[in-house]
1. Run down B:51, B:28 and say which single residue is within 17 Å of the chain's Cα centre (by Cα), surrounded by fewer than 19 Cβ atoms within 10 Å (Cβ to Cβ) and within 14 Å of another protein chain (Cβ to nearest Cβ).
2. Search segment A:242-262 for residues that are basic (Lys, Arg) and pair each with any residue that is at pLDDT below 80 and open to solvent by less than 50 Å² (accessible area, probe 1.4 Å) when their beta-carbon atoms are under 6 Å apart and the residues are at least 6 apart or on different chains.
3. At least 3 residues that are small (Gly, Ala, Ser) in each: list the helices (runs of 4 or more DSSP H) lying fully within segment A:44-149 that qualify.
4. Search segment B:170-191 for residues that are assigned to a helix (DSSP H, G or I) and pair each with any residue that is among the aromatic types (Phe, Trp, Tyr) when their beta-carbon atoms are under 9 Å apart and the residues are at least 6 apart or on different chains.
5. Check residue A:30 against each of (1) polar (S, T, N, Q); (2) more than 14 Å from chain B (Cβ to nearest Cβ); (3) open to solvent by 60 Å² or more (accessible area, probe 1.4 Å); (4) assigned to a helix (DSSP H, G or I) and name the one condition it does not meet.
6. Output yes when any residue across segment A:152-169 is over 30 Å from residue A:235 (Cα atoms) and touching a Leu at 6+ places or on another chain (Cβ under 7 Å), and no when none is.
7. In segment A:209-224, what count of residues is obtained for those that are away from chain B (no Cβ under 13 Å) and open to solvent by less than 20 Å² (accessible area, probe 1.4 Å)?
8. In segment B:58-72, how many residues are within 9 Å of chain A (Cβ to nearest Cβ) and touching a Leu at 6+ places or on another chain (Cβ under 6 Å)?
Amino acid sequence: MALEYSFRSAFQSLWREKWINMLSMFTVFSGLLIISLISFFLYNFEVIANRLPERFSIIVYLNEKLSGEEINNVIDTLKKRQDVLSLKYISKDEALKEIKKVLRDSSHILEGLSENPLSSSVEIKLKKDYVTSSAVRQISGEIRMMSGVEDVQSGERIAEAIHLFKRSLQNISIIILAIISSGVIFVSYSTVKILFFRRKEEIDILKLLGATKGFIRAPFIIEGSVIGLIGGGLAAAGILGFYFAVTYRLSVYIPLFKMLILPQEILILLPLTGIMLGIIGSAIAIGRLKP
Amino acid sequence: MIAFQNVSKHYDNNIVLKDISFSVQKAEMAFITGPSGAGKSTILKLMYMEERPDEGDIVIGDFHLASLKASKIPFFRRGIGIVFQDFKLIDNLTVIDNVALSLRIRGVSEKEVKTLAFTALKKVHLRHKADNFPKSLSGGEQQRVVIARAIVAEPFLVLADEPTGNLDSNTALDIMKVFRGINISGTTVIIATHNRELFRYTGKRVLKLDGGNLIGEEVG
């Protein structure tokens, strides 16, 4: 059958031209390994960056003269805002306890104080979408205008930095992935082009015997996919090895590495990407066949 | 069954065929002869559609080649067996696989492929060389493999371009016997050759070309 011939021809060529094919597999492997390493780090940065808004908060300092009922009124008004995810009331005494905890051995600094100088406050966590500098600025301004509010500390710059960091990461990752993917496609293209020229005579013979374009192209496409599959498979093994080396070995010295996550999908995605790049490279290399 | 109708062909400013018209009947064996550069190979190339005519039309069976769509060319070629002077065998395939290629292209089942390929090799007396590679065969044997490849799918037409050009005279006569056998079985055979010995005393029609013109016909 034609398909059987295509597979046989592709595997014969893979074996016959083993050195050039191994070189291509190695290049696809290195390209995809670099892509996956970058993706791995970008993914983990993204996970961390996504958690940053959860840690971001606005502190609303309340007027000292507010009665308990007035404090409750302020808290209720804040709770009703659509941008507020959660809030926590911190009384003067709790604030002092907190400071003592933070100062620990240096808590004697507070000994000379005759009364608690701290204000009661409300710590507000915003919904993810509102952690941008403009939104935070507007929210702070609105809260500051509320009666009973003494001051608002918001850290707009931190919000802006988080926002910028996330956006830059996304842009950089797209650029890097595009460059390396193009490189891998180019390598597959070059390999198949070389193989194509080496087999030009054979291709001409096939045409004269009545072979269709599909029949002629099939072995090259299969060859490109196998190169991509093996290159991608090796890259998956490489990233898995790297991940275990980092999380199990290096995390002994740098505990932060324990937090790194390797999405399991990447282990399937890499061979599939390899196949896809191999097919694209082969298809471009063969191009339009004249009858 | 084969008709050239006022066919002209030129490459840049070089006219290789001028207003050629002739026909070849079904199951006929005909020769095209003439000196080098007369246009013999061009006529064959036009017949297997490696070239298209600049003017006129060529009708082969139901196909009008001047207007045949590119996508139909492979299917048209499957009805033709071609024999080349330079063999055009694939060196890394064995003799049997070279012959089988014509069948695999047509999608014939693998079981049938083997049987048909061995039968074709038997017809050219090369059954015992099935597992050899082309480079290990003599010129005459390689040409017989090419003939086996050309006839294995039972085409209605066999075209041969200087099929004995690289062979000694005894081997050339052996090859001609094979062609006569193919023709006797009902296949149309057209052979382009400058070697008059090949068609002498055959009693077959010979079309004479010179400088791209059909200058006459004779019986060999």
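The values are calculated or read from the model by the stated rules, or taken from the named source; none is laboratory data. As the structure is a prediction and not an experimental result, all values here were calculated from the model. Positions of Cβ are generated from backbone atoms using ideal geometry, with glycine treated the same way; all protein chains shown enter the neighbour counts. Surface accessibility is based on the protein's heavy atoms, side chains included, excluding ligands, DNA and RNA. Shrake-Rupley method; radii C 1.70, N 1.55, O 1.52, S 1.80 Å.
1. On the way: B:28 fails: within 14 Å of another protein chain (Cβ to nearest Cβ).
Just one listed residue meets the conditions, B:51.
2. Within 6 Å, the pairs are A:258/A:251.
3. Values: elements: A:68-79, A:92-103, A:133-144.
Qualifying helices (runs of 4 or more DSSP H): A:133-144.
4. Short answer, once both residue conditions are applied: B:176/B:199.
5. The number of the failed condition is (3).
6. For segment A:152-169, residues over 30 Å from residue A:235 (Cα atoms) and touching a Leu at 6+ places or on another chain (Cβ under 7 Å): present.
7. Step one: list which residues in segment A:209-224 are away from chain B (no Cβ under 13 Å), which gives A:220-224.
Then drop every residue that is not open to solvent by less than 20 Å² (accessible area, probe 1.4 Å), which leaves A:220, A:223-224.
Residues in segment A:209-224 being away from chain B (no Cβ under 13 Å) and open to solvent by less than 20 Å² (accessible area, probe 1.4 Å): 3 in total.
8. 0
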